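Just passing along the structure, written as C-alpha cells.
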Amino acid sequence: MKERRQLRQQLKNAEETVHTALETEVQLISVVEKLMHQRIPESPMVTHFARQSSRWIAERLRSVSPRYNVELHQLDLAARLYAIGRLHLNDTDLRLPIMRDGVPTNYNCSRVPESASEALEALVAYPHTRLMLMAMYENYDCTGIPYRCQGWHIPVGARILRVVVDYAELVWRDGYDHSEALSTIQQRSHRIYDQRIVVLLDQYLSTVEHSDQRAAVVPLRVEHFGSRYDCRA
C-alpha cells in the first residue's frame, strides 16, 4: 500500500508537471501570435485563411489515401505561427516576400526556415509543427530552402502551408484580387507548388465563394491525383 501511494503521488506530480508545461506553451503561442499581428499587419487575415483552408485541404487529401495523413492539430498550429521565423527580420525585410518566384528575396529571408526551427525548439510536444515550418519554403522541383528537398520528400503539411500562405499573402499583403492570386499560384504548379494542393485550393475557393448560394461542388476523384505521386506527413 505504501508503494502504491508513492506511485500515485509520482503520477500526480507528473500530471501537474505536464499540465504546467502545456499552460506555458499555450501562453507562449499566444504571445508570439500577438507579436506577429503587431509587426505584420496582414498576418491576422493570412492566419485565418490559412487555418481554414489548410484543414479543408488536408481532410480532402486524407480521404484520397492514408498516405496523405496530416496531424491536423499540428497543422493548425503551424498555420497560426506561419510567420514566426520572420520575427528576427528588420522592418524593411519584414515587408518583403520570403521567396520571389522560388528564390529567396535576400540573405535575411533565406534564414527564415532555420529561425522558425530554432524558435520552436522548446515546443517539444509539436515536432510536426516545427518540421512543417522549417520545410515550408522547399520548392517542389528541389530548388527551395533550406535543404533543397523535392516532391514527396517535402512534408505534406509544409506543402499545404506553402500554397495557402503564398496565396493569402498575394491577396492581403500585395493587393492581388482573388482570381489573379490563384492564377499566379497555378502558373507555378509542379515547379514550386504541389499541383494536387493547388487544385484543392481552387476547389476550396469555389466552395467558399458559393457557400451562401449552397452551390454544389463536384468532389475530386482519386484519378485526378495520379498514382505516381506519394507524400509523407
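Take the residues of region 100-116 that are assigned to a helix (DSSP H, G or I), over 15 Å from Leu28 (Cα atoms) and not acidic (Asp, Glu): which is farthest from the chain's Cα centre (by Cα)?
Here the residue is Tyr107.
Further question: Under the condition of being among the β-branched types (Val, Ile, Thr) and assigned to a helix (DSSP H, G or I), which residue from region 31-71 is surrounded by the most Cβ atoms within 10 Å (Cβ to Cβ)?
Ile57
Would you confirm, using the coordinates I've provided, whether Pro97 is of a type outside the set (Lys, Arg), in contact with a helix residue (DSSP H, G or I) (Cβ under 6 Å, 6 or more places away or on another chain) and not in a helix (DSSP H, G or I)?
no
Can you tell me which of Val208, Val171 is modelled with pLDDT of 95 or more, out of contact with any Leu (no Cβ under 9 Å at 6 or more places or on another chain) and either in a helix (DSSP H, G or I) or acidic (Asp, Glu) (or both)?
Of the residues listed, the single one that is modelled with pLDDT of 95 or more, out of contact with any Leu (no Cβ under 9 Å at 6 or more places or on another chain) and either in a helix (DSSP H, G or I) or acidic (Asp, Glu) (or both) is Val171.
Which of the following residues is modelled with pLDDT under 95 and within 26 Å of Pro146 (Cβ to Cβ): Glu71, Glu15?
Only one candidate qualifies: Glu71.
Hey, among the residues in region 102-122 that are among the aliphatic types (A, V, I, L, M) and surrounded by fewer than 17 Cβ atoms within 10 Å (Cβ to Cβ), which one's nearest to Gln74 (Cα to Cα)?
Step by step, filter region 102-122, then rank; the result is Ala122.
Can you confirm whether Ala125 is in contact (Cβ under 8 Å) with a residue 12 or more places away in the chain, surrounded by fewer than 14 Cβ atoms within 10 Å (Cβ to Cβ) and of a type in the set (A, V, I, L, M)?
It is true that Ala125 is in contact (Cβ under 8 Å) with a residue 12 or more places away in the chain, surrounded by fewer than 14 Cβ atoms within 10 Å (Cβ to Cβ) and of a type in the set (A, V, I, L, M).
Here is a further query. Only one of (1) crowded, with 24+ Cβ neighbours inside 10 Å; (2) of a type outside the set (A, V, I, L, M); (3) free of Cβ contacts under 8 Å to residues at least 12 places away in the same chain fails for Cys142. Which number is that?
Unmet condition: (1).
The rows are residues; the columns are (1) at pLDDT 95 or above; (2) under 12 Å from the mean Cα position of the chain (by Cα).
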position	(1), (2)
Leu120	no, no
Leu133	yes, yes
Met136	yes, yes
Asn139	yes, no
Gln150	no, no
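The values are calculated or read from the model by the stated rules, or taken from the named source; none is laboratory data. In this text the structure is predicted, and so the values were computed from the model without any measurement. Ideal geometry is used to build each Cβ from the backbone, glycine not excepted, and the neighbour counts take in all protein chains shown.
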